[in-house]
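Working notes for the structure below.
The values are calculated or read from the model by the stated rules, or taken from the named source; none is laboratory data. Only a predicted model underlies this, so the values are computations on that prediction, with no experimental measurement involved. Positions of Cβ are backbone-derived with ideal geometry, glycine not excepted, and every protein chain shown enters the neighbour counts.
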Amino acid sequence: MFLKKELTKYITSHPNSKKMWNRSNNVLAGGVSHNIRNLNLPLIGAFPPFIQEGHGATVTDIDDIVYDDYWGAHYAMITGYSNPTIQKKVEQQLENTWHLGTVLEYQVLLAEKLIEDNTSLENIRFCTSGTEATMYATRLARAFTGKKKVAKAKFGWHGAADTLFYDVRAPLTGKETRGILDDKEAGVISIDINDQAVVEILKRHKNDLAAIIVEPVQGGGGGFSLELEFLQLLREETERHNILLIFDEIITGYRFCNSLYQNELGVYPDLTTMGKIIGGGFPIGAIGGRHDIVEQANPTLHDRVWIGGGTFSSYPLSMIAGLEMLNVLKTSSEQYNRINKLGTSLIMNLNQFFIEKQFSYLAVGHKSLVTLHSLSKVLDGSDPAEIVHFGDKKKEALTQLALLNRHITGMHGVGALSFAHTEKQLQYLQQVIETITPQISKEN
C-alpha cells in the first residue's frame, strides 16, 4: 500500500519535525501561522517538515534533510535563498539599526525605481503585506469613484482580509469564512475569467461598481492565466463605464521579466498592488498607479483616504533588500528567459505524460509558475471551475508527501522556479513526478 509505505518512511526519517509538530499544536491553532503551510499533510496523518535554512534552490529541515525547493518563500525568492548581494546590504544596515519608524531615504529610492520601471505607476504607497495592499487599493477605488461595489475573479486570491475573501475555493459559496459579511452585503461581485459575459456584468453594475481587481495569472487560485484578449476587454469596458481596473501583481510583478507583467502584456490598469519579490525576501506590500487616485492618501488633505499606518510600513530592511533585489534583476534577462523556458517545458512535458497515461493530474501555470492539480477524474478540458471542482485534497497531500520523501518541497504541487534552479534539478523533478503519479493513481 503506497500511502502506508510513504507515511512510514516520512515519519521515521523526520523525528525532530514530528516532535516540533506536536509542540506546535499545543501553542498554535492548527500548529501553523499560515493555513497552507501544513501542506494538507494532516489529512493523511502526516505533518510538515520544519525548515531551518535555505541556500540557492535548496532548503534544509531540522532533521538535516536537504530538499530541492520550489516554494521559494511564497514565490518571493526569485534569485534563490540567501542572495549574497542582498544579504550584504542587509548586514550593513543591521550595524546601524533594523527599525526606525520614520521616513527613510530608501523608501524614496525604491519608489523611484518602481516608477521608473513601470509605465502605469505614477505614485506609490508602501505597506507591509499583499493583503494590506489589495485592501487599500479597493478602499482607494471606492473613495475615488464614490461607488460601493468591487468585482473580482472567481478563484482569485487577494489575501484573507474582509474586503475580497470571497469565491476563492471550490465549491464557490461566496464568503470564505465565518466572521465576515455575505458577498452581497460586502458589495462583492465574482466573475468568470476569460468569459465575454463580463461585458454585460460591468454594464449592469456600472453605476455601483467602483473597480474590478484581477491577477493576470492566478496564484493561489490554481495557476490559471487570464487571456490577453480578456484583459484588453476589461480595460476597454472599465474605461467605458468609469470603473477602475486593478491588477494584483503581488505574484506576477517581476516574476517573468524585470518589471510588472502588465508591461509585457501592454495592458495598463489604474491601480496595481505589489509585494513578494519587490521586498527582496522581507515583508512588503505596495499600492501604485495613477497620481490622482493614489494622492488621495495624502495626509494633508482634509478628506484624505487612510492608507498604511502600520508600525512596519516602509520597514528599513524591506526597502533596502527590495532596492537591491531590483538592481540584481535589472541585469538578469538571461536568467528570466532560462527559467521561463524551463517552466514552460515542464508544464508541457508533464501534461503530455498525464494524457498518454490517462492519469488524473494536470499541470497548469505560466512560464516559471507551475501548479500541479491532483484530480479525482481525468479531465479533457481546461476549464478552471471544472479543474478546481474535481480537485482531490487527500491525493494532493499524498503527492506532496511522496515528493518530500524524494527530497522535493513546494506548494500547490510544485510552485515556482528561481534563478538558482538548474536544468538537472528540473529533470529530476519531472522524473520524480512521472515515477510517483502512476503509483498514486493506482492507490486511488
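Summary table below
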item: Neighbours by Cβ (under 7 Å, 6+ apart or cross-chain): first from region 340-360, surrounded by fewer than 18 Cβ atoms within 10 Å (Cβ to Cβ); second small (Gly, Ala, Ser); result: Asn351/Ala363
item: Test result for Lys424, farther than 20 Å from Glu443 by Cβ and surrounded by fewer than 23 Cβ atoms within 10 Å (Cβ to Cβ); result: yes
item: Qualifying residue in region 138-148 (condition: closer than 24 Å to Gly223 by Cβ and either outside the structural domain of Phe282 (by TED's automatic domain parsing) or of a type in the set (Gly, Ala, Ser) (or both)); result: no
item: Scope region 71-87; condition assigned to a helix (DSSP H, G or I) and either within 11 Å of the chain's Cα centre (by Cα) or in contact (Cβ under 8 Å) with a residue 24 or more places away in the chain (or both); matching residues; result: Gly72, Ala73, His74, Tyr75, Thr85, Ile86
item: Close pairs from region 146-172: first closer than 13 Å to Ala133 by Cα, partner of a type in the set (Gly, Ala, Ser) and assigned to a loop (DSSP other than H, G, I, E, B), Cβ under 8 Å, at least 6 apart; result: Trp157/Gly219; Trp157/Gly220; Trp157/Gly221; Gly159/Ser129; Leu164/Gly156
item: Residue ranges of helices (runs of 4 or more DSSP H) in region 100-211 with at least 3 members surrounded by fewer than 18 Cβ atoms within 10 Å (Cβ to Cβ); result: 105-117, 198-204
item: Residue check, Val27 touching a residue at least 24 places away in the same chain (Cβ under 8 Å) and either crowded, with 18+ Cβ neighbours inside 10 Å or more than 21 Å from Lys395 (Cα to Cα) (or both); result: no
item: Selection from region 391-414 of residues that are of a type in the set (Gly, Ala, Ser) and either surrounded by 23 or more Cβ atoms within 10 Å (Cβ to Cβ) or over 24 Å from Gly80 (Cα atoms) (or both); result: Gly391, Ala397, Ala402, Gly413
item: Qualifying residue in region 336-354 (condition: touching a Cys at 6+ places or on another chain (Cβ under 9 Å), aromatic (Phe, Trp, Tyr) and within 21 Å of Thr79 (Cα to Cα)); result: yes
item: Sole residue being touching a helix residue (DSSP H, G or I) at 6+ places or on another chain (Cβ under 9 Å), among the acidic types (Asp, Glu) and either modelled with pLDDT of 95 or more or over 19 Å from Trp71 (Cα atoms) (or both), chosen from Glu334, Glu396, Glu356; result: Glu396
item: Residue match in region 45-56 (condition: of a type outside the set (A, V, I, L, M), in the same structural domain as Leu417 (by TED's automatic domain parsing), surrounded by 20 or more Cβ atoms within 10 Å (Cβ to Cβ) and in contact with a Ser or Thr (Cβ under 6 Å, 6 or more places away or on another chain)); result: yes
item: Residue match in region 31-44 (condition: more than 24 Å from Ile436 (Cβ to Cβ), of a type outside the set (A, V, I, L, M) and surrounded by 15 or more Cβ atoms within 10 Å (Cβ to Cβ)); result: yes
